[in-house]
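Chemist: This structure is in structure tokens; I'll ask about it shortly.
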Amino acid sequence: MNKRLFIIFSIVLLISMFSLQAIIYAADHAVIEAAKKEGKFVWYTSMPTAGAVAFLDAFKKKYPFLDTGEFFRSTSYKTYTRINIEKGAGKHIVDCAHVAILMAYREWKKKGWLVKYDSPSYSGYPEKIMDPGYWAPMRTFAMVMAYNKSILPKEELPTAWSDLTDPKWKGRLGVEGADSGGQHIEYYVLKNTLGEDFWPKIAKNKPKMFSGSGAMMTGLLRGEIDVAIYGMGFAVYRQREIEGAPIEGIWPREGCPINIAPLGIMSKAPHPNAARLFMDWALSQEGQTEMVKLVGAYSGRADVPSAKGNPSWGSFKPLYVDDWDKFNASKDEFKELWDSIKQ
């Protein structure tokens, strides 16, 4: 009797599972059909241009009925500012936003500018690094040092952030501008980790300022600088593995500041169903594997390995922002110091 009941229960369970799966596929089909009618997807991003274009191409290959030609790419703060200006003026152009400023998503959620969408891809992320229903990290990146191995001898390589305060590095270092969200995070985290005097000592070494990771890498290749303080593990990967350039990274022994760049759907998106398709794919194992291959950032998903040639997650010490409100309050002091460097 127990055996018969078990068999009956198993059959009912299987039927229920197949029915639920049919509902899920039906829902996916409905979104796809609705997205076909929209025919377009608009993305605003701070992802490096070459990687962003390639990533959109991969998305379009999966959903060829979508026009992905209209997108905006700039630094995190410039992208964030553009979205704020447009939304503030009642212009609803962007479907999905991806910038490396976590505070932006907190702000947009508070203003009602983020759409609540329970993407099935959220299940692959630890809840501590996401806001379920609103955003999850599309990229997670480590801030490292970068150098040109054809110029800087191995015996001269720094191994710690504190090494860069030595006067011998004067005029040989590179940082990004104050409109870089990641540079602000590196500033805040290393100040907390290494002490209040760390960045003033760096400022005395007169680092050169660049407008983005691409310009920074170009500076290394041209010999304009010897070490990029804001090197970014993903930029090192791209130069080394995709461009074939002699750029290498140093994951300092004190640890690496970590930033996450979320992905979320904006309110009143002109193409909401296309936005859902992008959200689901970009945050899935498939999309994240593509992101790592094309861009070289770390994924927040445990089922996606790190970029080729870069240290695996867990082999270095991650350094996180301890308090996002304090981080936000440090914006003016960060800009003041960076303005003094720029002069």
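Chemist: If you check residue 137 against the conditions, is it out of contact with any Cys (no Cβ under 9 Å at 6 or more places or on another chain) and open to solvent by 20 Å² or more (accessible area, probe 1.4 Å)?
Modeler: Here the answer is no, as residue 137 does not meet what is asked.
Chemist: Exactly one of (1) at negative phi; (2) modelled with pLDDT under 95; (3) open to solvent by less than 60 Å² (accessible area, probe 1.4 Å) is unmet by residue 127. Its number?
Modeler: The failed condition is (3).
Here's the yes/no breakdown for (1) at pLDDT below 95; (2) touching an Asp or Glu at 6+ places or on another chain (Cβ under 7 Å); (3) on the phi < 0 side of the Ramachandran plot; (4) buried (at least 16 other Cβ atoms within 10 Å of the Cβ):
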site	(1), (2), (3), (4)
144	no, no, yes, yes
159	no, no, yes, no
167	no, no, yes, no
180	yes, no, yes, yes
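Conditions (1) among the charged types (D, E, K, R); (2) within 16 Å of residue 263 (Cα to Cα); (3) surrounded by 21 or more Cβ atoms within 10 Å (Cβ to Cβ); (4) touching a Phe, Trp or Tyr at 6+ places or on another chain (Cβ under 7 Å), marked per residue:
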position: 54; (1), (2), (3), (4): no, no, no, no
position: 58; (1), (2), (3), (4): no, no, no, no
position: 70; (1), (2), (3), (4): yes, no, no, no
position: 73; (1), (2), (3), (4): yes, yes, no, no
position: 79; (1), (2), (3), (4): no, yes, yes, yes
position: 92; (1), (2), (3), (4): no, no, no, no
position: 96; (1), (2), (3), (4): no, yes, yes, yes
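Chemist: Residues of the stretch 232-250 being in contact with a strand residue (DSSP E or B) (Cβ under 7 Å, 6 or more places away or on another chain) and closer than 13 Å to residue 310 by Cα, which ones?
Modeler: Selection gives 232, 233, 234, 235, 236, 239, 240, 247, 248, 249, 250.
Chemist: Which numbered condition trips up residue 193, out of (1) open to solvent by 50 Å² or more (accessible area, probe 1.4 Å); (2) not in a helix (DSSP H, G or I)?
Modeler: Only one criterion is unmet by residue 193, namely (2).
Chemist: Residue 191 fails exactly one of the following numbered conditions: (1) at pLDDT 95 or above; (2) touching a Leu at 6+ places or on another chain (Cβ under 9 Å); (3) within 22 Å of residue 75 (Cβ to Cβ). What is the number of that condition?
Modeler: Going through the list (1) at pLDDT 95 or above; (2) touching a Leu at 6+ places or on another chain (Cβ under 9 Å); (3) within 22 Å of residue 75 (Cβ to Cβ), residue 191 breaks only (2).
Chemist: Could you look through the stretch 203-242, keep only residues that are over 20 Å from residue 46 (Cα atoms) and in a loop (DSSP other than H, G, I, E, B), and pick out the one that is most open to solvent (accessible area, probe 1.4 Å)?
Modeler: 206
Residue by residue, here is whether (1) over 23 Å from residue 231 (Cβ atoms); (2) at pLDDT 90 or above; (3) not in a loop (DSSP other than H, G, I, E, B) holds:
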{"position": "294", "(1), (2), (3)": "no, yes, yes"}
{"position": "300", "(1), (2), (3)": "no, yes, no"}
{"position": "304", "(1), (2), (3)": "no, yes, no"}
{"position": "308", "(1), (2), (3)": "no, yes, no"}
{"position": "316", "(1), (2), (3)": "no, yes, no"}
{"position": "326", "(1), (2), (3)": "yes, yes, yes"}
{"position": "332", "(1), (2), (3)": "yes, yes, yes"}
{"position": "335", "(1), (2), (3)": "no, yes, yes"}
{"position": "338", "(1), (2), (3)": "no, yes, yes"}
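Chemist: Quick check: is even one residue across the stretch 255-276 among the basic types (Lys, Arg) and either part of a loop (DSSP other than H, G, I, E, B) or buried (at least 22 other Cβ atoms within 10 Å of the Cβ) (or both)?
Modeler: yes
Chemist: Is it fair to say residue 188 is in contact with a helix residue (DSSP H, G or I) (Cβ under 7 Å, 6 or more places away or on another chain), of a type outside the set (Gly, Ala, Ser) and in a loop (DSSP other than H, G, I, E, B)?
Modeler: no
Chemist: Further question on the same structure: Tell me the residue from 338, 313 that is within 30 Å of residue 193 (Cα to Cα), open to solvent by less than 10 Å² (accessible area, probe 1.4 Å) and in contact (Cβ under 8 Å) with a residue 12 or more places away in the chain, please.
Modeler: 338
Chemist: While we're here: Can you pull out every residue in the stretch 42-52 that is under 21 Å from residue 297 (Cβ atoms), of a type in the set (A, V, I, L, M, F, W, C) and in a loop (DSSP other than H, G, I, E, B)?
Modeler: 47
Chemist: So, in the stretch 98-118, of the ones that are crowded, with 23+ Cβ neighbours inside 10 Å and either free of Cβ contacts under 8 Å to residues at least 40 places away in the same chain or small (Gly, Ala, Ser) (or both), which residue ends up nearest to residue 138 (Cα to Cα)?
Modeler: 100
The values are calculated or read from the model by the stated rules, or taken from the named source; none is laboratory data. Here the structure is a predicted model, which means the values were calculated and not measured. We place every Cβ from the backbone using ideal geometry, glycine too, and count neighbours over all the protein chains shown. Keep in mind that these areas ignore ligands, DNA and RNA; they rest on the heavy atoms of the full protein, side chains included. Shrake-Rupley method; radii C 1.70, N 1.55, O 1.52, S 1.80 Å.
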